[in-house]
Structure formats: C-alpha cells, structure tokens
Amino acid sequence: MDTGAMKKEIKNLLQRRRGVLLAHYYQRPEVQEIADFVGDSLALSIEAARTDARVIVFAGVHFMAESAAVLSPDKTVLLPRAEAGCPLADMVTVEDLARAREEYPDAAVVTYVNSSAAVKAASDVCCTSANALKVVESLADARRVIMVPDGNLARYCARFSSKEIIPWRGYCPVHQALTAEEAAAARQAHPRALFAAHPECRPEVLDLADFVGSTAGILRFAGEERVEELIVGTEEGIFTELKRRCPAKAFVSPRADFVCPDMKYTTLADILLALKENRTVVRVPEEIVAGARRALDRMLAAT
Ligand code: 13P
Ligand code: SF4
C-alpha cells in the first residue's frame, strides 16, 4: 500500500472507530501530517484529557500513552509500537522515590511527565518542560523540592526558583549528547542565528542559548520577528513543524544526528495496524490510576 492509500485508510478507520490520532513534534513527518493534533507533552496531556473520542491512538512514547490512559480512563488508548519507550522515564523507580523521601522527609516531589504512571502516583505533582517552574513555585508549603527524573531540567529550574531544588540523576540520552563545543561551533558557523535549546540539554549548553523552553516554546520563539535563522537544540523531528510554520526562516541543527530512536519507531503502517487490530492497548493498573491522576490533575490546575 502506498503512503497516500495508507493515510486514507487511517483516516477512514479513525472516523469509523471515533478515534483521534495524537502525535508529538518528534514524530516522523508523515505521521505529524495526518495527526488530528500535534503538540508538546503538556498540550498532548490536555488534549487527551478533553477529547470526546472513543479511541486515542498515541504516536509518541509509552509514558505519553500511559498519561492519556490515566486522564481518560473510559477510552481505549493505543500505542502502535509497544516498544517505544523513553530511557529517561526508566531512570527513576518507585523504590528510588521512597528512599529519596526518607532522605529528605520535608521535601515535595515534582515528577517530570517523562516517568512511569507508578512513579507519578508516588509523587506530589507532575510537571512538563513547559510548566516546571510554575509547578514548583505553586507548592506554597514546600521549601525543598526533589525533581525527578531529569537532572538538567531540575538544575535549570533551580536557577529561577525560590525553593531549594534537589535534582535527580536522570538525563535524556538524546539531549545529553549535545555538547557545549557542538553548540558553540554551530554559533560560530552561523553568527547571525539565535540559539534555542530544550531544558533537557546540559547546563553548559543552556548557558549558550538565547531561549530555553519546551518544544512548543521553541516553536513560539521561532515565530518571533527577531528570529531569521535559528539553531535548534532539540530532537530534529521538530523541524517538520518549524518549517510548516515559518517557511521563510532558516533552521539548523547543532548535531548531525539529533534523533530520538524511540520517537521514530512509529510508522504509518504501524498506525494502520494498530487501528485494525486494536493494539497495543495501554492499561494502567487500577491501584495506580488514582494517584497518577491526582499528580497530573494537580499539574494541570497549576498550569
Ligand atoms: P516536550 O514536553 O518539550 O514536548 O518534550 C518531550 C520530550 O520527550 C523531550 O525530550
Ligand atoms: Fe525520552 Fe529523550 Fe526521547 Fe524525549 S527525546 S522521549 S526525553 S529519550
């Protein structure tokens, strides 16, 4: 089946099943093109919570589909490629969190959405890269905050927060791979360009950036009039939406291979098969749903 026929069939099946296709900005171009909604982690959570579709097909990674299942428990959530995970999300466990709470009994726990539902349930509140500082500052009673699992996001928040931030040791291998030398070399090669970076990048990379924000934040920044050429410090899937929104601007990557392999698993053929065979259904154990929902709802209320 060619791409056009596949897209048509996906649209038909979505309509027939009252389904919605949600995609992250890091997905393959052809997947973003047919999605009903493309967004950053925060916007995707909001959309998953409010859609009246019966089936949510998640073109993203496992933690995103899990959050959708928690926020919309009456819907069928499909992750077309079950193995699409997030190595960062695997860098903290419920047991780790229990030990951290013992070590810092007075600290609140803010958990990045790039985490398992079980870890979310053991947290006080969730955050995304778009709202992390706002969420941390919303914790009126906490003087100290443990932020898991991304250490770089935690250290970035600590620069602006009124709280004492205790960063976890996790990192995104894709963003961590970008070095300050690479970022500086890109700046030198493109002296007129501005540099936007995702907060999952190393602190020394963020020091070189003109703007730091989530994927949606970077897209907004790219749209500003003062930006003519932009060095993009995040996964290269975002170029699809950058070029769509700003066709006259120039975008360059500071790395030759700025790719999240997990985000690239999902193909149109996978989405088609997922809809046909109802797979893979993402289910969150009942005893975890309520706690994870509380942490996600608290985040959405603070946003
Ligand atoms: P955003 O929340 O900025 O979309 O990022 C998600 C992610 O996985 C970043 O690596
Ligand atoms: Fe996880 Fe990093 Fe991939 Fe985002 S880019 S899904 S944080 S591994």
Self-check item: Extension gain, residue 190 back to residue 226 (0.36 nm per residue minus Cα-Cα distance, nm)
Solution: 11.4 nm
Quiz item: What relative contact order, as a whole-number percentage, does region 38-136 give when Cα pairs under 8 Å and 6 or more residues apart are counted?
Solution: 24
Quiz prompt | Cα-based reach from residue 163 at 18 Å (exclusive), listing aspartates and glutamates while leaving out same-chain residues under 8 positions away | solution = 103, 106, 124, 137, 141, 150
Practice problem: For every helix of n ≥ 4 consecutive DSSP H residues, a contribution of -39,500 (n - 2.57) applies; sum these over the chain, divide by its total residues, and give [θ] at 222 nm rounded to the nearest 500 deg cm²/dmol. | Solution: -12000 deg cm²/dmol
Quiz item: Which of the aspartates and glutamates could be linked to residue 243 by a straight reach, that is with a Cα gap under 18 Å, when you skip same-chain ones fewer than 8 residues away?
Solution: 30, 33, 40, 224, 225, 228, 229, 235
Exercise. Run through the DSSP bridge list for the chain and note the antiparallel percent, rounded to the nearest 5.
Key: 5
Quiz item: Normalised by the number of residues in the chain, what is the relative contact order in percent for Cα pairs under 8 Å and 6+ residues apart?
Solution: 23
Quiz item: Near residue 75, which lysines are there with a Cα under 19 Å away, not counting those fewer than 8 places off in the same chain?
Solution: 11, 276
Practice problem: With an 8 Å cut-off on Cα pairs and a minimum separation of 6 or more residues, tell me the relative contact order of region 107-252 in percent. | Solution: 17
Quiz item: So what's the projected area for the chain, the Cα convex hull averaged over all directions, in nm²?
Solution: 15.5
Quiz prompt | Charge-dipole axis of region 109-236 as Lys and Arg at +1 and Asp and Glu at -1 on Cβ define it, positive-most pick from 123, 221, 157 | solution = 123
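Laboratory data are not the source of any read-out in this text; all were calculated from the coordinates shown. The structure displayed is predicted, hence computed values, not measured ones. Virtual Cβ from ideal backbone geometry, glycine too; neighbours counted across all protein chains shown.
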